[in-house]
Amino acid sequence: MKKNVLVLAALALTACKNEEKEKAALYPEVKKSPKEVALALGKEVFDGKGMCYSCHKPNQKVIGPSVADIAKIYKEKGASITDFLTEKSGPIVDPTQYSVMKTNFAITKNLPEEELKALETYILSFAK
Ligand code: HEC
């Protein structure tokens with residue numbers, strides 16, 4: 001009888017350990033740093049609901065300036081992309097094309113603060 005109890009206890013312990021392993025496999029983001037989480041979220045918004053990607057390519061000017069050019073100028077000037085996207089500051093990259101970019105404020109002004117910050121982190125990560 002005692003033996004059976006011991007065996008059961010041992011089984012219960014192994015079951016717990018396996019559960020933890022499964023959790024780690026299911027939720028790998030638990031191990032990501034805050035910066036990695038922001039980068040991933042920024043990319044998700046940039047390529048997804050923000051639709052930024054349709055006008056901004058990583059290293060090439062298309063309709064809008066390249067992400068690398070935007071990152072370089074914002075880093076050099078210590079300016080805030082979050083402020084720009086919420087119309088708290090004006091254009092500093094290509095003011096002549098500002099009216100094209102302005103149409104996106106309908107989207108960006110309704111983004112939660114966390115997603116705006118994530119977009120900024122993501123864009124700035126392109127600065128060399
Ligand atoms: C319809 C095309 C288009 C889309 C979509 C677009 N942009 Fe732009 N963007 C532009 C153009 C054109 C400029 C250059 C004008 C300017 O500098 O304001 C620009 C400029 C910018 C700048 C530089 C602003 C400055 O100081 O001059 C940032 C930052 C930016 N876009 C971020 C974004 C983000 C983030 C998104 C997605 C939410 C986005 N853009 C979507 C066309 C677009």
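Side notes on the structure shown:
- Check on ALA71, of a type in the set (Gly, Ala, Ser), at pLDDT 95 or above, in a loop (DSSP other than H, G, I, E, B) and under 15 Å from ILE123 (Cβ atoms): no
- Residue selected from segment 55-68 under the condition β-branched (Val, Ile, Thr) and loosely packed, with under 13 Cβ neighbours inside 10 Å, by the criterion farthest from the ligand (Cβ to nearest atom): VAL62
- Among the candidates ALA106, ALA71, the residue that is within 20 Å of the chain's Cα centre (by Cα), open to solvent by less than 40 Å² (accessible area, probe 1.4 Å) and in the same structural domain as CYS52 (by TED's automatic domain parsing) is uniquely ALA71.
- Restricting attention to segment 77-122 and to residues that are among the acidic types (Asp, Glu) and part of a loop (DSSP other than H, G, I, E, B), the residue that is nearest to the ligand (Cβ to nearest atom) turns out to be ASP94.
The values are calculated or read from the model by the stated rules, or taken from the named source; none is laboratory data. As the structure is a prediction and not an experimental result, all values here were calculated from the model. Note: ideal-geometry Cβ built from the backbone for every residue, glycine included; neighbour counts use all protein chains shown. The accessibility values were calculated without ligands, DNA or RNA, using every heavy atom of the protein model including side chains. Shrake-Rupley method; radii C 1.70, N 1.55, O 1.52, S 1.80 Å.
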